[in-house]
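As structure tokens, the structure follows; a few thoughts come after it.
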Amino acid sequence: MESQSTEITEIDEAGCYVALTHKHLQAQETIDRVRSPQAGAIVLFAGTTRDNFAGKPVKELQYSAYAPLALKTMLSICKDILVRHSLKSIAMIHRLGTVPIGEESILIAVSAPHRQAAWRAGEEALEACKERVEVWKREEFEGEGGVWRANRDGLPGQKIAEEDAGR
């Protein structure tokens, strides 16, 4: 039986690849997933854990998801964007568990015949993922405990006392 740290949950369907994993994300593998001889552009977005939020020092981020629903939502987003922007391929991979400072929590890669469609599609995919996908993050602050947030920029979270953090 595999440990949780090597578990990968994925769907690969009709030019769309989505995955949730506890493993370190690999940018080159993600780019290679969308590579096509018909594509003149590949755009990769890598979302990384920064060392602060609203002026507070961040220790790490912890991500959790309701995987079956999150994967379906990710696939729905990718299929829609693939068609609307005439992409060749799109990949969206979100990391779960602890993501240290400077490491990636999400990779989104798109390939398209032309760069403008690739740029637009990549940003749209990220915004839709943050808005709709069933992934939650806990920001761990240096010496202050943590805050759970929806995986959306700037939305308030709920502070969790240290003694409640392990529940």
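We did not get these values from a lab; they are worked out from the coordinates using the rules stated. Quick caveat: nothing in here was measured; it's all calculated off a predicted structure. Every residue, glycine among them, receives a Cβ derived from its backbone with ideal geometry; neighbour counts consider all protein chains shown.
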Out of the trypsin sites (Lys or Arg not before Pro) in the stretch 5-56, which ones are loop residues according to DSSP with at most 14 other C-beta atoms within 10 Å? Lys23, Arg35, Arg50
The stretch 18-60 to the stretch 84-122: how many Å between their Cα centroids? 7
Let me confirm the definition first: pairs of Lys residues in the stretch 11-137, 8 or more apart or on different chains, C-alpha distance under 27 Å. How many are there? 18
Give or take rounding to whole Å, what are the principal axis extents of the alpha carbon atoms in the chain, in descending order? 54, 41, 24
Expected output is a single nm value to one decimal: the length gained when fully extending between Trp148 and Trp136, i.e. 0.36 nm times separation in residues minus the C-alpha distance. What is it? 3.6 nm
Per GNM of the chain with C-alpha springs under 10 angstrom, the most fluctuating residue out of Glu123, Glu139, Glu13 is Glu13
Go ahead and estimate [θ] at 222 nm for the chain from helices alone: -39,500 (n - 2.57) per DSSP H run with n ≥ 4, summed, over the residue count, rounded to 500. -8500 deg cm²/dmol
Taking Cα pairs closer than 8 Å and at least 6 residues apart, the relative contact order of the chain in percent is 26
Could you identify which residue out of Ile11, Ile81, Ile42 has the top mean-square fluctuation in a GNM of the chain using Cα springs shorter than 10 Å? Ile11
